[in-house]
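Working notes, structure below.
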Amino acid sequence: MNVYPVRLEGRIDEPISRWLWLVKWLLAIPHWIVLVLLWIAAFVLTIVAFLVLLFTGRYPRGIFDFNVGVLRWSWRVSYYAIDAIATDRYPPFTLKDVPDYPARLEIDYPEHQRRGLPLIGWWIIGIPQYVIAGLFGGGAALGWSGTHFGAHYPSVVGVLVLVVGIMLLLKRQYPQGLFDLIMGLNRWSVRVGAYCMLMTPQYPPFRLDQGGAEPA
């Protein structure tokens, strides 16, 4: 089994409060505000990177590092507030990796990518993956989607996290099996997101890698 160049990790950071998950999305509002601005910048920079890729086949390293930071920041906040609720530790305000935080994300920098018209076709063939990722984790029940709030049907991840929250209220226990499944769905969505942002030329696998750690 090949390890995909987008690596998403998480661990259950016990003890977890029985009720705090009810207000985590509210506590994370300062992060949401910053992330809106960061995602606007990431969107513009991704267009710039696309134009550079068209002619050179290389993703500008500075833009790549910034976009990785935005994805990393987003993953920490969503892990805390809506897409896993597996930690009560408030996310740090930083684009950098925080080794001791229970949610981490890394993406290998691609030295060479496609360029010209094949690059456009490569992005288009990702449409089936975009649809699947949208169903899995693209629309949180609270209405957060990328850079804005709106009305969305609950995603699969949103429904599972709600089940986890109810179980925390009743039993104060985070089921390991549900955590592994939630991580697998989030991992699929983030891989597809990075591919959509042209940050890796490797097509996301149709594979649900469950668990907190990437498959060895």
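Every read-out reported here was derived from the displayed coordinates using simple, explicitly stated rules and does not represent laboratory data. In this text, all values refer to a predicted model and were calculated from it rather than measured experimentally. No Cβ is skipped: glycine too gets one built from the backbone with ideal geometry, and neighbour counts run over all protein chains shown.
What is the log10 of I(q)/I(0) for the chain, computed with the Debye formula using one identical point scatterer on each Cα and no solvent, at q = 0.11, 0.16, 0.18 Å⁻¹? For the requested q values the scattering log ratios are -0.51, -1.09, -1.37.
Residues Leu181, Leu35, arranged from fewest to most other Cβ atoms within 10 angstrom of their Cβ, appear as Leu181, Leu35. Working out 0.36 nm times the residue gap between Arg172 and Arg89, then minus their Cα-Cα distance, what length gain in nm do you get to one decimal? That works out to 28.2 nm of additional length. Its relative contact order, with pairs defined as Cα atoms under 8 Å and 6+ residues apart, puts the chain at 30 percent.
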